[in-house]
Amino acid sequence: MTISDNLSGASRVQMTRLPLRTLGALSLASLSLAACSKDTLDITNPNTPSVAGASADPQALQLLATGLLRQNRNSRGGLITETGRFGREAYVYTPQEGRNTSAYLIGLSGQNKLDPAGFAVGSWSGPYGNLRGVFNFKETVAASTLSAEQKKAALGFAKTIEAIELLTVISTRDTIGAVIQINQDATDIAPFVSRDSVYKYILNTLDDANTDLGAGGAAFPFALNAGFTGFNTPSTFRQFNRAMAGRAAAYYATSGGGATAWARAVSALDASFINAAATTAAQFNIGVYHPYASSPDAPNPLAQATNTDLYAHMSFETDAPLKADGSKDNRFLAKIGTRATRNAPSGLGVPSSLGFNLYPAITTSLPIIRNEELILLRAEALVATGNKAGALTLINSIRVNAGGLAPSTLTAASSDAAFVTEILLQKRYSLMMEGHRWIDMRRYGRLNDLPRDLTSGVNAHFVAKVQPLPQAECLQRVGKTGALAGPGC
């Protein structure tokens with residue numbers, strides 16, 4: 001199966017809105033360079049190195065690699081805030097813009113349907129824009145004068161980024177499926193494939209990347225940013241790759257992959273950077289991050305110092321587990337703080353007086369994946385594969401060391417459903433506002449357990465199951481049939 005993306009519709013629109021510095025990093029690689037006559041003044045623009053130039057220029061290859069990481073970073077804050085609203089972790093209470101509430105919790109004109117032309121259709125054009133960048137990066141590497149080892153290392157990096165972007169798409173679109181094929185011509189519309197096919201492609205791509213990284217020598221032919229400290233060589237990056245494979249396999253296991261996918265998750269997690277014996281915050285936080293900085297770089301979009309419209313769902317307080325002394329879970333105490341009470345405009349929501357202390361500054365990093373998640377993913381996998389005693393050990397490690405709680409009252413004889421309930425509770429507080437709650441609740445068929453703050457009237461809330469295709473994507477597929485049509489358009 002060829003690598004892929006679909007830059008029709010929404011994806012191309014997003015690319016035109018990227019900041020200039022990001023376009024430079026991406027090298028405008030999806031655009032064609034106009035031919036020049038030999039008497040035309042030809043001045044190289046360092047902000048837009050050509051793909052051809054990158055084949056022989058290590059600095060240009062560096063810009064392409066940096067561009068892939070920046071574009072992935074550009075989508076991360078949006079993914080967290082969108083899934084946070086769907087999963088009843090967060091509100092975005094903008095005083096003059098009610099659609100930041102209604103578009104996610106009420107839907108299109110009170111129809112309990114998300115508007116495909118509205119606010120809640122993110123996590124699409126950003127990933128697909130970056131998938132086009134991955135396609136160009138691979139072609140550049142193939143045509144380059146890099147050594148065989150360097151090419152393997154570069155391809156292992158690119159394939160890992162490809163899989164991460166596709167995982168974002170399918171975890172937010174789920175039963176809609178996704179496009180996995182990138183065509184040379186970005187205007188050539190590629191087909192949709194099923195959720196099952198997308199997950200298989202993601203896992204196979206991650207495995208291919210792992211093999212490439214294993215043959216990639218001692219160093220990448222470009223540098224990774226500070227968020228990859230400890231994972232910035234082909235051999236250590238493989239641990240990151242395996243961590244992402246563990247997440248992807250767990251998602252697939254609960255989306256039709258079953259026992260085979262769970263076994264694959266266990267194997268991947270075993271080869272990742274998981275430290276199941278972790279007991280301290282520093283050990284739980286080991287992982288890979290997106291770094292942020294002040295201008296001219298990008299600030300953390302969720303920073304409490306600047307994002308004053310981001311509020312926490314009040315259920316974090318009412319549902320917080322209690323420690324032996326009656327005080328609340330350490331994670332709640334560390335991650336949630338009080339704010340001036342605010343509500344959505346026009347009766348669209350309910351008041352909140354809670355905010356997040358997770359990302360205090362514009363320079364605070366956002367996690368891509370970290371050890372605490374790996375431990376809880378492994379607990380999921382152990383329950384599914386019949387090792388409840390092993391799962392309970394991991395659950396209690398998180399409860400005691402991260403939450404300050406007493407060990408769970410579960411036993412190895414407890415039901416699978418009881419174990420899942422406990423794991424989802426621990427994930428809720430351990431992985432707060434990291435982009436998981438809504439996805440996890442859907443994976444286990446528990447969306448109905450999420451709170452609906454308003455339950456009657458024209459503004460009654462609902463819980464979305466999937467994000468729709470953006471209208472721009474649908475419009476590109478008008479009149480197409482079969483796999484080229486837009487599902488749900």
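Across region 190-334, Cα pairs under 8 Å and at least six residues apart give a relative contact order of 18 percent.
The portion of the accessible surface of region 233-280 made up by carbon and sulfur, rounded to a whole percent, is 52 (1.4 Å probe; DNA, RNA and ligands excluded). Annotation: Cys489 carries an accessible surface of approximately 90 Å², with a 1.4 Å probe and no ligand, DNA or RNA atoms counted.
Our summary gives the chain a relative contact order of 20 percent, counting only alpha carbon pairs under 8 angstrom and 6 or more residues apart.
Around Gly156, with a cut-off of 15 angstrom between Cβ atoms, what is the net charge of the other residues, counting Lys and Arg +1 and Asp and Glu -1?
Numbers: positive: Lys138, Lys151, Lys152, Lys159, Arg238, Arg242; negative: Glu149, Glu162, Asp207, Asp208, Asp212.
Once positives and negatives cancel, what remains is +1.
Taking a Cβ cut-off of under 10 Å around Phe119, the surrounding Lys, Arg, Asp and Glu residues balance to a net charge of -1, with basic ones at +1 and acidic ones at -1. Ranking Phe135, Gln96, Gly78 by how far each Cα lies toward the positive end of the dipole of the chain (charges on Cβ) leaves Gln96 at the top. The candidate values are [x] 23.0, 77; [y] 22.5, 81; [z] 25.9, 83; the one derived from this structure for Rg and Dmax of the Cα atoms in Å carries the label [y]. Against the chain, whose longest principal axis comes from its Cα atoms, helix 195-214 is set at around 70 degrees.
So what is the relative contact order of region 140-194, in percent, for Cα pairs below 8 Å that sit 6 or more residues apart?
On the way: 29 pairs, mean separation 12.1, N = 55.
After rounding, I find 22 percent.
Peptides 459-472, 162-175, 297-310 ordered by packing proxy, namely the average of other Cβ atoms within 10 Å per residue, highest first: 162-175, 459-472, 297-310.
Would you mind getting the accessible area per residue of the chain, heavy atoms of the protein chains only, 1.4 Å probe, in Å²?
Accessible area per residue, the chain: 39 Å².
Distance between the pseudo-spin-label points of Ala340 and Asp449 (7 Å out from Cα toward the beta carbon): 3.7 nm. For a modelled paramagnetic label at Thr145, 7 Å from Cα along Cα-to-Cβ, no residue of region 219-244 is in reach, as no backbone nitrogen comes under 15 Å.
Note on region 213-272 and region 104-138: Cα centroid distance 26 Å, given to the nearest whole angstrom. Under 5 Å from the amide H of Ala178 lie the amide H atoms of Val193, each residue being 5 or more positions distant or on a separate chain, with H modelled from the backbone and absent for Pro and chain starts. Counting heavy atoms of the protein chains alone, Phe356 has an accessible area of about 20 Å² for a 1.4 Å probe.
The values are calculated or read from the model by the stated rules, or taken from the named source; none is laboratory data. Since the structure is predicted, the reported quantities are computational estimates derived from the model, not experimental observations. As a convention, Cβ positions derive from the backbone with ideal geometry for all residues, glycine included, and neighbour counts pool all protein chains shown. Heads up: the accessible areas ignore ligands, DNA and RNA and are worked out on the full protein's heavy atoms, side chains in. Shrake-Rupley method; radii C 1.70, N 1.55, O 1.52, S 1.80 Å.
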